[in-house]
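The structure appears right after this line, and notes come after that.
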Amino acid sequence: MTAYVIAEVDVLDPEAYEEYRRHVPPTLEAYGARFIVRGGETTLLEGEPKPKRIVVIEFESVDRAREWWASEVYAGPKAMRQAASNGRLIAVEGVS
């Protein structure tokens, strides 16, 4: 079943985060994933606080998303992201 990784990110170091962004696409390609949303302008419709940056990545399954997140190919970029930002990543199954 299709799954999505949803990231809510507060960028602390824009230069370092930009470097991270350059390294991510090849890691996703290796797992058959693709960006659906990558930091576009957000409009708060309900609740607080307004998120700083939202990213949505589509995977073939939650298992495949977990594999990517724990992979050696993503380990370096993940460390870069964690050093340059605060946030959370959530994997969620899509509708069937």
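Here are the numbers:
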{"item": "Stretchable slack from Ile54 to Ala79, in nm (0.36 nm times residue separation minus alpha-carbon distance)", "result": "7.1 nm"}
{"item": "Cα principal axis extents for region 56-96, largest first, Å", "result": "36, 21, 10"}
{"item": "Rg to Rh quotient for region 1-57, alpha carbon positions, Kirkwood Rh", "result": "1.00"}
{"item": "Gained length - Glu72 relative to Ala16, 0.36 nm times residue gap less alpha-carbon distance", "result": "18.2 nm"}
{"item": "Alpha carbon Rg of the chain, scaled by the compact-globule rule 2.2 N^0.38 Å", "result": "1.07"}
{"item": "Sequence-distant residues sharing a close amide H with Lys52 (under 5 Å, placed H)", "result": "Val9"}
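Quick note: the coordinates plus some simple rules give every number you see, no bench work behind them. Bear in mind that the values here come from a model prediction, so they are computed numbers and not experimental data.
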